[in-house]
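Here's the structure we're looking at; comments come further down.
The values are calculated or read from the model by the stated rules, or taken from the named source; none is laboratory data. It should be emphasised that the depicted structure is a prediction, and the values quoted were computed from it without experimental measurement. For neighbour counting, all protein chains shown are included, and Cβ atoms are generated from backbone atoms with ideal geometry for every residue, glycine included. Accessible surface areas use protein heavy atoms only, side chains included; no ligands, DNA or RNA. Shrake-Rupley method; radii C 1.70, N 1.55, O 1.52, S 1.80 Å.
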Amino acid sequence: MKKTAILILLCVFGFHFIFAQSPWTREKGKAYLQLGITTLSYDAVQFDGNKLENIGDYSDITVQIYSEFGITNKLEAQFILPYKTANYDNAGISQSLSGIGNVSLGLKYKLSDANWKISSGVLFSANSIKKDENLFVSSTGINANTFLPYFSIGSSHNKWYYFGTIGYGYMDNDYSDYLKASIELGYNIIPKGHLMLVLDTRNPIAKETAYEKDAIQWFSHLDRQTYNAMGVKANYEFVEGKFGANLSAFGAFGIDNAPLAPTINIGVYTKL
């Protein structure tokens, strides 16, 4: 039951929370597939330490496929395919852009399967986005490749589970590297349902030149993005070990270079 809940933690949607990873891995030959949607709507952002309001109505919708497969009992592969639709409306101007976002591939290896589970992995997010610098919504993702190695440790006890993850994001195209960390606490609140609390943080390490010179950025995908996000997630498995659904909402504080609005996430999944 606890492993069922923890799978959901891998599949947090949206460009903000793709990093969340638990120390548990898929068994050899086992697979997991999830389809989700994340919505973000805003008319205010925190930009270079200043709050900008009434900048127009932005909407950012991401439909995402997340999959994982057990190569061995200790090694897991992951594939993430996002498709984004972005819209902007203001003073009679209406623009939209749709296309593939930052496609991601990952590997995770289980280092310890004792009481405390320990894993290490890497996630590569490709610069596979669609771009149009003539639009206010000028891209469907981050205009850079990202290489993110990470380390995760966690455990469970009775109806509780808990884990933490820390990683370092290396970015090309003159984008700033960043430090990412997350903590997650989950509880088996009903026989087939879990409730989870999440803290996810991102802080830039270096200030590179993409922030000033890259025209393929808009408020959803600025370089030097900073936040401390808090979220609540719920999961219910309709058919145990086969099919389930989840819902989550995230807000944040300590934001810079990012929209000032919560994200809402809905997903359905199957295990094969």
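Test Gly241 against the criterion of being out of contact with any Cys (no Cβ under 6 Å at 6 or more places or on another chain) and either surrounded by 15 or more Cβ atoms within 10 Å (Cβ to Cβ) or of a type outside the set (Gly, Ala, Ser) (or both), and give yes or no. Outline the logic, then answer.
Values: out of contact with any Cys (no Cβ under 6 Å at 6 or more places or on another chain): yes; either surrounded by 15 or more Cβ atoms within 10 Å (Cβ to Cβ) or of a type outside the set (Gly, Ala, Ser) (or both): no.
So Gly241 fails the test.
Anything in the stretch 251-272 that is open to solvent by 20 Å² or more (accessible area, probe 1.4 Å), in contact (Cβ under 8 Å) with a residue 24 or more places away in the chain and part of a strand (DSSP E or B)? List them, or say none.
Ala252, Phe253, Gly254, Ile255, Asp256, Ile264, Ile266, Val268, Thr270, Lys271
Suppose the filter is among the basic types (Lys, Arg), more than 17 Å from Asn265 (Cβ to Cβ) and either open to solvent by 10 Å² or more (accessible area, probe 1.4 Å) or at pLDDT 95 or above (or both); does Lys3 pass it? If you could, list the steps in order and put the result at the bottom.
Values: among the basic types (Lys, Arg): yes; more than 17 Å from Asn265 (Cβ to Cβ): yes; either open to solvent by 10 Å² or more (accessible area, probe 1.4 Å) or at pLDDT 95 or above (or both): yes.
Considered against the rule, which asks whether it is among the basic types (Lys, Arg), more than 17 Å from Asn265 (Cβ to Cβ) and either open to solvent by 10 Å² or more (accessible area, probe 1.4 Å) or at pLDDT 95 or above (or both), Lys3 comes out as yes.
How many residues are without any contact (Cβ under 8 Å) to a residue 24 or more places away in the chain and hydrophobic (A, V, I, L, M, F, W, C) when one looks only at the stretch 112-154?
Of the residues in that region, 1 qualify.
Test Asp214 against the stated conditions and say whether it is at pLDDT 95 or above, open to solvent by 20 Å² or more (accessible area, probe 1.4 Å) and over 20 Å from Thr62 (Cα atoms).
Considered against the rule, which asks whether it is at pLDDT 95 or above, open to solvent by 20 Å² or more (accessible area, probe 1.4 Å) and over 20 Å from Thr62 (Cα atoms), Asp214 comes out as no.
Among Ser248, Ser176, which is touching a residue at least 12 places away in the same chain (Cβ under 8 Å) and not in a loop (DSSP other than H, G, I, E, B)?
Numbers: Ser176 fails: not in a loop (DSSP other than H, G, I, E, B).
Of the residues listed, the single one that is touching a residue at least 12 places away in the same chain (Cβ under 8 Å) and not in a loop (DSSP other than H, G, I, E, B) is Ser248.
Within the stretch 45-78, which residues are under 30 Å from Gly254 (Cα atoms), charged (D, E, K, R) and either outside any strand (DSSP E or B) or open to solvent by less than 10 Å² (accessible area, probe 1.4 Å) (or both)?
Filtering the stretch 45-78 down to residues under 30 Å from Gly254 (Cα atoms) leaves 45-66.
If we keep only those that are charged (D, E, K, R) as well, we get 48, 51, 53, 57, 60.
Once the filter is applied, which keeps residues that are under 30 Å from Gly254 (Cα atoms), charged (D, E, K, R) and either outside any strand (DSSP E or B) or open to solvent by less than 10 Å² (accessible area, probe 1.4 Å) (or both), the stretch 45-78 yields Asp48, Asp60.
Check Ile100 against each of (1) open to solvent by 10 Å² or more (accessible area, probe 1.4 Å); (2) touching a residue at least 40 places away in the same chain (Cβ under 8 Å); (3) farther than 23 Å from Ile37 by Cα and name the one condition it does not meet.
Exception for Ile100: condition (3).
Would you mind stating whether Ala86 is at pLDDT 95 or above and either open to solvent by 20 Å² or more (accessible area, probe 1.4 Å) or of a type in the set (Asp, Glu) (or both)? Walk me through how you get there before you give the answer.
Details: at pLDDT 95 or above: yes; either open to solvent by 20 Å² or more (accessible area, probe 1.4 Å) or of a type in the set (Asp, Glu) (or both): no.
Taking the combined requirement at face value, the residue does not satisfy it.
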